[in-house]
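Just below is one structure, and these are the notes that go with it.
The values are calculated or read from the model by the stated rules, or taken from the named source; none is laboratory data. As the structure is a computational prediction, the values presented were derived from the model and not from experiment. For neighbour counting, all protein chains shown are included, and Cβ atoms are generated from backbone atoms with ideal geometry for every residue, glycine included. Just so you know, the surface numbers come from the protein's heavy atoms only, side chains and all, with ligands and any DNA or RNA stripped out. Shrake-Rupley method; radii C 1.70, N 1.55, O 1.52, S 1.80 Å.
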Amino acid sequence: MYLLRRNRILRQSPAVRSMVAETILTPSDFIAPLFITEGKGIKEEIPSMLNYYRMSIDLTIEEVKTLWSLGIKSVLLFIKCKDELKDNKGTEALNPDGLMQRSIKAIKAACPEMVIMTDVALDPFSTYGHDGIVEGNEIVNDPTVEVLAKMSVSHAQAGADFVAPSDMMDGRIIAIREALEQNGLTKIGIMAYSAKYASCFYGPFRDALDSAPGFGDKKTYQMDYANRKEAVKETLMDVEEGADIVMVKPAMAYLDIIREIKNVVEVPVSAYHVSGEYAMIKAATKMGWLDENKAVLESLTSIKRAGADLIATYYAKHAVQLLNK
């Protein structure tokens, strides 16, 4: 008896495996998140995110140039707002000379072709650490959306290519789209955090920006991790309201959600390989339990295999260096 099909033929060497690989990572798949702080010459390691840093604008520019030289086409900006500038109205978020706005202008001047995406949410600017305006013990939706729309216009006027609302307020995508249109900002994209779950995996990120909620949690606006159909509903609504790219966050624990959404939308799907997922690989590597390089490439490949067209990851630079070897 002879076998008619020997599947191992297509696995027999690195060259053959490469030829028939179904999922291939490339530098242009990645969005590199960057944390920016005030000052000059500042590079502060984030304790819960080993080898990842908050940097001042001047050093951020040098990092952006390096990322571009490696083939990374997009950065996602987050800023660390000074405590004395925080309030419950997002006032500093709208400052045309604020840290975010200055960062956008400086990066665009230094590396014009880099696609700049900006975080749109109030938590870095809030005395409460919430993504929206607080009244009593409630994060109120509609007043928050008004500020998010103005914030998006401010980022776009500073030179952002995409705004990325991460707040999960109802109706913010259509409000942002209308605000951009009304201000003649018709070339600005929206990358909507459409399926953002209330996850424990965000902890290190909140250390990076000092943006942990001052009371309660974010479960009244971020999604319940038990839900799948709700993610599809939220995403389809965002597409209808004008989102150009949709996002699932986190990524690795939500590969099923990435695939569900990829199957129903006709816009690019992004996924956020979040700080806790990054920190777990770092911690296991430090203990000698994982080979970091192998874990990084396997993890990111799994996210793309699930259906992500773009991956925001703190491992973007590291991964591309591995791919370019």
Apply the Karplus parameterisation 6.51 cos²θ - 1.76 cosθ + 1.60, with θ equal to phi minus 60°, to every residue of the stretch 236-246 and state each ³J(HN,Hα) to the nearest whole Hz, in sequence, with x for glycine and proline. 4, 5, 5, 4, 4, 7, x, 5, 8, 9, 10
What size of dipole, in debye to the nearest 20, comes out for the stretch 253-325 about its Cα centre when the only charges are +1 on Lys and Arg C-beta atoms and -1 on Asp and Glu C-beta atoms? 260 debye
Of Leu148, Leu255, Leu185, which is the most mobile in a GNM of the chain whose springs link Cα atoms less than 10 angstrom apart? Leu185
Out of [x] 129; [y] 141; [z] 157, which label holds the value of volume of the Cα convex hull per residue in Å³ that was computed here? [z]
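With 32 Å as the limit, write out which pairs from Lys196/Lys286; Lys229/Lys317; Lys108/Lys286; Lys233/Lys294 have Cα-Cα distances beyond it, or answer none. If you can, show how the numbers build up before the last one.
Details: Lys196/Lys286 29 Å; Lys229/Lys317 34 Å; Lys108/Lys286 36 Å; Lys233/Lys294 35 Å.
With Cα atoms farther than 32 Å apart: Lys229/Lys317; Lys108/Lys286; Lys233/Lys294.
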The chain: angle of helix 57-69 to the longest principal axis, Cα-based, in degrees nearest 10: 30 degrees
If I build a Gaussian network model for the chain, linking alpha-carbon pairs within less than 10 angstrom, which residue out of Arg102, Arg11, Arg172 has the largest mean-square fluctuation? Arg11
Assign unit charges at the C-beta atoms only (+1 for Lys and Arg, -1 for Asp and Glu), then state the dipole size of the stretch 42-136 relative to its Cα centre in Debye, rounded to the nearest 20. 320 debye
For the stretch 1-159, the charge dipole (Cβ of Lys, Arg +1; Cβ of Asp, Glu -1; about the Cα centre) points to a positive end, and the Cα of Ser74, Leu59, Val120 closest to that extreme belongs to Ser74
Select from Gly184, Thr26, Ile9 the residue farthest towards the positive end of the dipole of the chain; place +1 on Cβ of Lys and Arg, -1 on Cβ of Asp and Glu, and compute about the Cα centre. Ile9
Treating only the Cβ of Lys, Arg, Asp and Glu as charged (+1, +1, -1, -1), what charge dipole size does the chain show about its Cα centre? Round to the nearest 20 debye. 1720 debye
May I ask for the Rg/Rh ratio of the stretch 38-159, computed from Cα atoms with Rh as the Kirkwood radius, given to two decimals? 0.99
Which percent of the accessible heavy-atom area of the stretch 29-120 goes to carbon and sulfur, probe 1.4 angstrom? 53 percent
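Calculate for the chain the 222 nm mean residue ellipticity that helices alone would give, adding -39,500 (n - 2.57) per DSSP H run of length 4 or more and normalising by residue count, nearest 500 deg cm²/dmol.
Numbers: 11 runs with 123 residues, N = 325.
Counting only the DSSP helices, I get -11500 deg cm²/dmol.
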How far is helix 99-110 tilted, in degrees, relative to the longest principal axis of the Cα atoms in the chain, given as a value from 0 to 90 rounded to the nearest 10? 50 degrees
Using DSSP, restrict attention to beta bridges with both residues in the chain and report what percent are antiparallel, rounded to the nearest 5. 15 percent
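Mean 1/r over all different Cα pairs, inverted: what Kirkwood radius does the stretch 30-86 give, in Å? Could the numbers behind the result be given before it?
Numbers: mean 1/r = 0.0833 Å⁻¹.
So the Kirkwood estimate lands at 12.0 Å.
On alpha carbon coordinates alone, what is the Rg over Rh value for the stretch 214-266, Rh being the Kirkwood radius?
1.00
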Probe of 1.4 angstrom, ligands and nucleic acids ignored: what's the accessible area per residue over the chain, in square angstrom? 47 Å²
Which of Ile258, Ala283, Phe201 sits farthest toward the positive end of the charge dipole of the chain, with +1 on the Cβ of Lys and Arg and -1 on the Cβ of Asp and Glu? Ala283
Under 5 Å from the placed amide H of Met223, counting only residues 5+ away or on other chains, we find Lys196, Tyr197, Ala198
Angle, helix 172-182 long axis vs. longest principal axis of the chain, Cα atoms, 0 to 90°, nearest 10? 70 degrees
